[in-house]
Amino acid sequence: MTLVLLRDDLMEINRALVEAESTRDGTKRAERLEQALRVSARAVEGLRKEFDLAATLAAAKDAATPYRGAIEETWEDAMLFQAFLEAESRLFRDLGLDGSTTDRLVAEIRSTHALSDWKMPDSKTVDDGLMALTRDLSGAVEQLRKERDRQATLSVVRRSFLVVGGAFVVGANALVGAATAPVTGGLSIAGAAVSAGAGGVMIDRGIPG
């Protein structure tokens, strides 16, 4: 699963979420939620089968280790943190993410202040979590079609956004400093390490414990 596919799925999930969260039309909301569930299921399956997420997270942790001091400074200094978020936003837009999805993704990154306490899940935990999320998505489709608990369905889709978005964040920041990066948006290598860790936190929050 390529970063481009992750990006496109992430934007599609976000579009459906935005419409489901904003409409008062019950039929339209159900349609958008079902659309989001289908895309989420496809994306999560791709992460499980074609994108070694556990290995990607481990690599992100290894990449971040040399920059522990800079990472802590970025999180603790409000001005540095804001500059980091702005550079991150530019990077996502340069990689083709639309404004609405970028805004939601940056908001999720902003909320990951527990980064210093985060422990890397092992590969079995990640794989089991993705399988559990796949089951949750399948069950949510059935519940939605029976017109039951749409709020719970929305919660499952939001968790899927965290997982797919976190994988995109980790993958995007792996490009910083690499020859394949079209542009870095001013994001430093240390900033990329901060972001990769934040992406890991998002994934950990999204998969069922």
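A short reminder: the numbers here are calculations on the coordinates, not readings from a lab. No experiment lies behind these values; they were computed from the predicted model shown. Virtual Cβ from ideal backbone geometry, glycine too; neighbours counted across all protein chains shown.
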Charge sum, other residues only, whose C-beta stays under 12 Å from L95's C-beta, Lys/Arg counted +1 and Asp/Glu -1: -1
Relative contact order as a percentage, the range 1-48, C-alpha pairs under 8 Å and 6+ apart, gives 44
In nm, the gap between the two label points placed 7 Å beyond Cα toward Cβ at D98 and L5 is 2.2
Computed [θ] at 222 nm, deg cm²/dmol, the chain (DSSP H ≥ 4; -39,500 (n - 2.57); rounded to nearest 500): -26000 deg cm²/dmol
Of the candidate values (i) 1.35; (ii) 1.02; (iii) 0.97, the one computed for Rg/Rh (Cα atoms, Kirkwood Rh) from this structure is (iii)
Point-charge dipole on Cβ atoms (K/R +1, D/E -1) for the chain, about Cα centre, debye to 20: 600
Calculate the spin-label point distance for R38 paired with S123, positioning each point 7 Å from the Cα along the beta-carbon direction, and give it in nanometres. 3.4
Under 24 Å between C-alpha atoms, the lysine pairs in the range 3-206 lying 8 or more places apart or on different chains count 6
